[in-house]
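Data block below; observations after.
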Amino acid sequence: MTHPSNPVQLIDRFGRTVDYLRISITDRCDFRCVYCMAEDMTFLPRAQILTLEEIATLGKAFAELGVKKIRITGGEPLVRKGALELLQTLGQIESLHELVITTNGSQLETMATGLKAAGVKRINISLDTLDADKFKAITRTGDLQQVLRGIDAVKAAGFERIKINAVILKDRNHLEVCDLVQYAVDKGIDISFIEEMPLGVVAKHDRSEAYYSSALIKQDLANTFSLVASLEKTGGPSNYFKVAGTQTRVGFISPHSDNFCSTCNRVRLTVEGRLLLCLGNEHSVDLKAVLRANPGNMTILKQAIVNAMLIKPEKHEFNIHEQPVILRYMSMTGG
Ligand code: SAM
Ligand code: SF4
């Protein structure tokens, strides 16, 4: 249902309605996942990134234009000081139906109850493996047990929906897909498998060699689980299946093998305040410049957002066999 005071006003040239905003609130992270970051990253200086107040203003502007769902992501959103207060502020926007977050789970043990109290409904937690050594190899700095304790903490806090996100890479973790689904079943939570996307140049990691398709994952799972196709959508690009006899849903996000652009309902706000109209293209509008040139002027800000819809591209053009054309990292974009 559309909130009476906030009709949808964000419609692009292809007739797609944009009602979902993802915001990267920091480019920093306590992990260095091989597919996401280089080992020695240089992070942005503070003056270049949006303040928490600016993010809250933008969230409000988007909600007034009919956006119903905001996902807070990063980098690791929960390592930014004041993240919880920002979530509390966004959680008070009445017309927002959903405030959700994507996290690597490292801070959840202590923050789960605070997130629940702030009004966060659903949490996506990245978990690519249940093997502590492999976890260390993929994240470079992460501690598996800390993340597993974090998942138990969000379970105990009683969120509406908890989902694991796993990026599957050939010869790194592709043999673990059944174990990961079994873990989700045991915990009574959902899981989505994501095909790697070519964002940013990451040394010592060949994306075309690491590619492992959703179709292969489905084949691997079919030996152990009975997956029943589900028509359910959660406002994202996942195709869902139910694990027969359980509450667990298994999703597949397949940017290579299943182009989902025709139903795209989202835009992304980078940590620098650039509104990205497509994950796989550079079309963007500098909303930080608009905000800082017109402090307190919601009308101008909202008009800039409405105008931005005119440059939303029709689709992404990922090719894992070529050097990435998209040089920004997922952590800056807000994956
Ligand atoms: N730090 C948080 C986390 O890891 O969940 C939030 C940000 S992270 C960029 C969001 C999601 O993007 C994670 O699930 C991560 O696995 C995924 N991701 C990062 N780089 C990716 C890439 N090159 N291709 C596909 N997914 C990627
Ligand atoms: Fe950090 Fe998430 Fe990127 Fe891993 S995927 S380096 S946890 S931002």
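The values are calculated or read from the model by the stated rules, or taken from the named source; none is laboratory data. Just so you know, these numbers come straight off a predicted model, no measurement behind them. All Cβ positions, glycine included, derive from the backbone under ideal geometry; neighbour counts span all protein chains shown. These area figures cover heavy atoms from the full protein model, side chains too; ligands, DNA and RNA do not enter into them. Shrake-Rupley method; radii C 1.70, N 1.55, O 1.52, S 1.80 Å.
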In what sequence, highest mean first, do 266-276, 115-125, 244-254 appear when ranked by Cβ atoms within 10 angstrom?
-> 266-276, 115-125, 244-254
Separation in nanometres of the label points that stand 7 Å from Cα toward Cβ, at VAL306 and ALA156 = 4.9
Over all viewing directions the Cα convex hull of segment 69-167 casts an average projected area in nm² of 5.9
In terms of Cα to Cα distance under 17 Å, which aspartates and glutamates are near enough to LYS288, apart from those fewer than 8 places away along the same chain?
-> ASP27, GLU53, GLU54, GLU272
The helix 177-187 Cα axis meets the longest alpha-carbon principal axis of the chain at an angle in degrees, between 0 and 90 and rounded to 10, of 70
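What percentage of the solvent-accessible surface of the chain, computed with a 1.4 Å probe over protein heavy atoms, is contributed by carbon and sulfur atoms? Could you put the intermediate results ahead of the total?
On the way: 7450 of 14340 Å².
It is 52 percent, rounded to a whole number.
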Per GNM of the chain with C-alpha springs under 10 angstrom, the most fluctuating residue out of ASN223, ASN281, ASN173 is ASN223
Inter-part distance where segment 105-142 and segment 20-97 are each reduced to a Cα centre, Å | 16
By residue number, which cysteines of the chain lack any other Cys whose Cβ falls under 4.7 Å from their Cβ?
-> CYS29, CYS178, CYS261, CYS264, CYS278
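Here is the link list: LYS163/LYS218; LYS218/LYS242; LYS60/LYS121; LYS242/LYS315. Which ones come out longer than 21 Å on Cα distance?
As for pairs spanning more than 21 Å Cα to Cα, those are LYS242/LYS315.
Please express the shape of segment 10-333 as an equivalent ellipsoid: the semi-axes are the square roots of 5 times the eigenvalues of the C-alpha gyration tensor, given largest first in whole angstrom. Provide the component values of the computation, followed by the final result.
Numbers: eigenvalues 178, 95, 83 Å².
The equivalent ellipsoid of segment 10-333 has semi-axes of 30, 22, 20 Å.
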Could you tell me how many degrees, from 0 to 90 and to the nearest 10, lie between the Cα long axis of helix 52-64 and the main elongation axis, the longest principal axis, of the Cα atoms of the chain?
-> 80
Suppose R0 equals 22 Å; then what is the FRET efficiency for LYS134 and LEU216 from their Cβ-Cβ distance, rounded to the nearest 0.05?
-> 0.75
The chain accessible area per residue, 1.4 Å probe, protein heavy atoms, integer Å², reads 43
